[in-house]
Amino acid sequence: MNEERQGMQVGFVGLGAVGAKLAGSLLRNGVALSVFDLDPAPVAEFVARGAAAGAGAAQLMRDCDVVITSLPSPAASEAVLAEMLPEMGPGKIWIEMSTTDPKAIVDQAARVAATGAVAMECPVSGGCHRAATGNISIFAGGERAGFETVLPLLTLLGRRVLHTGAIGTASTLKVMTNYLANANLLTLCEALTTMKAAGMDMATTYEAIRISSGNSFVHETESQLILSGSRDVDFSMDLVLKDIGLFQQLAEDHGVPLELSPQIIAMMQDGQRRYGARAQSDRMIERLEEASGQSVLAEGFPQVLVDDEPEERGYEVTVSR
């Protein structure tokens, strides 16, 4: 084990779609890891791989140097923080990796600081397949000293790590990027369905987008799952609505009269009504398939996304000024 990680005990709370993959990167890289989740099944899987089972968030904070949380909602993050706060003090670090409310994390970090502990917000971006390989991107908000303390761990969890500034900045940028990704997904659904209705070959359509000014990260990942029929990007509609709702609230708080955002929210709400809160976000194309009578599928596309980029130790991204 590297000297920078010797003796460091890390707890991880939240072994969901993203959290389990992040925690897996720590375990794979030799970090002494204890885990907790309300669902005992993923905990048992991690114990079988060499992790210790935590009794709860409070116990992990009491016994570990660092506790990382990856949770599905701001409410869940607040509940877990309330459990951990009595166990916090000098030398303790909380790393919040959930996508959460920028205003809430500022208040939470202040309460953590009052105990003498350190809070860092470190949401991730890049998809579950890249979280699984340690190649995801990480936004890190908090004091520079705290950032430098946790950077060795962050470079195990992700490939590109950006220090965004004070607490709140990382969550602000994260909800913005999730808004952009979802907007792109909806435009791709419209583009692919229209091309299918116009008689275009869908594999050719995919390549035309990929090599053109219309290309994007979302196209190179989610369009493949749409065309294969898998439509399982490992991100559900309720989580999308949470994220884009946070972005809409951010705009309203700052007096920005958005036009596209409310329509995107309405479209996602319709998708959720049709297919269920836990339906995968890529199923949004089915609204258009049903309305147009098209089947937007093609041979040769994967059922599951796999990150084929070799895992490497991450690094800090510097901002050009």
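The values are calculated or read from the model by the stated rules, or taken from the named source; none is laboratory data. This one's a predicted model, so the numbers in the text were calculated from it and none came from an experiment. Cβ atoms come from the backbone with ideal geometry, glycine included; neighbour counts cover every protein chain shown. We work out accessible area using only protein heavy atoms, side chains counted, and drop any ligands, DNA or RNA first. Shrake-Rupley method; radii C 1.70, N 1.55, O 1.52, S 1.80 Å.
Rundown of residues vs (1) in a helix (DSSP H, G or I); (2) closer than 24 Å to E121 by Cβ; (3) within 26 Å of the chain's Cα centre (by Cα), yes/no style:
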residue	(1), (2), (3)
P152	yes, yes, yes
L156	yes, yes, yes
H163	no, yes, yes
E190	yes, no, yes
T193	yes, no, no
K196	yes, no, no
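Among the helices (runs of 4 or more DSSP H) confined wholly to the stretch 63-132, which include 1 or more residues that are over 19 Å from D243 (Cβ atoms), of a type outside the set (V, I, T) and open to solvent by 20 Å² or more (accessible area, probe 1.4 Å)?
On the way: elements: 74-84, 102-114, 128-131.
Qualifying helices (runs of 4 or more DSSP H): 74-84, 102-114.
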Quick check on my filter: what residues within the stretch 11-46 are under 17 Å from E83 (Cβ atoms) and within 16 Å of the chain's Cα centre (by Cα)?
F12, V13, G14, L15, G19
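Could you tell me how many of the residues in the stretch 288-321 are outside any loop (DSSP other than H, G, I, E, B) and either open to solvent by 50 Å² or more (accessible area, probe 1.4 Å) or of a type in the set (A, V, I, L, M, F, W, C) (or both)? Full working, then the answer.
Initial filter on the stretch 288-321 (outside any loop (DSSP other than H, G, I, E, B)): 288-292, 315-317.
Checking the rest, the ones that are also either open to solvent by 50 Å² or more (accessible area, probe 1.4 Å) or of a type in the set (A, V, I, L, M, F, W, C) (or both) come to 288, 290-292, 315-317.
Number satisfying all stated conditions: 7.
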Could you please find all residues in the stretch 33-51 being buried (at least 17 other Cβ atoms within 10 Å of the Cβ) and either over 20 Å from A79 (Cβ atoms) or of a type in the set (K, R) (or both)?
L33, F46, A51
Here the residues within the stretch 216-265 that are farther than 22 Å from A191 by Cα, open to solvent by less than 30 Å² (accessible area, probe 1.4 Å) and in a loop (DSSP other than H, G, I, E, B) are none
A181 being among the aliphatic types (A, V, I, L, M), open to solvent by 10 Å² or more (accessible area, probe 1.4 Å) and in a strand (DSSP E or B):
no
